[in-house]
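Everything below concerns the one structure shown next.
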Amino acid sequence: MAFSRGDKVEVCSKQEGFVGSYYAATVIKNYGNKYAVQYKNLVAEDDQSRPLIETVGANELRPRPPKVLATGFHALDVVDAFDNDGWWVGKISGRKGSDSYYVFFDAYGVEISYPTSCLRPHLEWVNSKWVSSK
C-alpha cells in the first residue's frame with residue numbers, strides 16, 4: 001500500500017526492546033519504498049520541543065486502525081495497550097476492579113494493569129484490510 005503526504009499511519013517498531021509496538025505518525029514525504037514520518041507522541045532527542053521525524057521502510061507502516069468501541073474484554077483477548085507513547089500488543093490475563101485489566105506481553109514476559117481507556121482490540125493489517133484477532 002502506498003501512502004501520501006498527510007496520511008495518518010502507525011509505525012511498527014523493529015528495534016530491540018520495542019518489538020510489537022506501534023507509534024502514531026503522519027507521512028511527510030514518500031520516497032518510494034521508504035517514507036519520512038513525523039511522530040505524534042515521540043520527540044527528537046536533541047530538542048524535546050520538536051516531534052521526532054525519521055525515515056522508515058514501507059514494510060514498517062500501516063494505516064491507523066479504525067476506532068473500535070470496546071465495552072469490555074475477556075481472558076486471552078488480544079489487545080493493544082497504550083504505554084510509553086505507543087501501542088503494545090498483549091493478551092488480557094485478568095480483570096482488576098471494574099475498569100482495569102491485566103495485560104500479559106509474551107515478548108517480554110511481563111504483566112501490567114491498564115484502565116480500559118488505555119486498551120483497544122488488536123487489529124492486524126492483512127491484504128489491505130483490517131482483521132480482528134478474534
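The values are calculated or read from the model by the stated rules, or taken from the named source; none is laboratory data. These numbers were taken from a predicted model, which means no experiment stands behind them. In this analysis, Cβ positions are derived from the backbone assuming ideal geometry, glycine residues included, and neighbour counts consider all displayed protein chains. Remember, those area values only see protein heavy atoms, side chains included, never the ligands or the DNA or RNA. Shrake-Rupley method; radii C 1.70, N 1.55, O 1.52, S 1.80 Å.
Structure notes:
- Any strands (runs of 3 or more DSSP E) falling wholly within region 1-93 and containing at least 2 residues that are in contact (Cβ under 8 Å) with a residue 60 or more places away in the chain and surrounded by 12 or more Cβ atoms within 10 Å (Cβ to Cβ): 21-30, 61-63
- Subset of region 102-134 [more than 24 Å from K40 (Cβ to Cβ) and in contact (Cβ under 8 Å) with a residue 24 or more places away in the chain]: K134
- Within region 116-131, restricting attention to residues that are closer than 21 Å to T71 by Cβ and not in a strand (DSSP E or B), the residue that is least open to solvent (accessible area, probe 1.4 Å) is H122.
- Residue list for region 94-115, restricted to those being within 16 Å of the chain's Cα centre (by Cα) and surrounded by 16 or more Cβ atoms within 10 Å (Cβ to Cβ): V103, F105, Y114
- Selection status of K14, charged (D, E, K, R), modelled with pLDDT under 95 and within 15 Å of the chain's Cα centre (by Cα): yes
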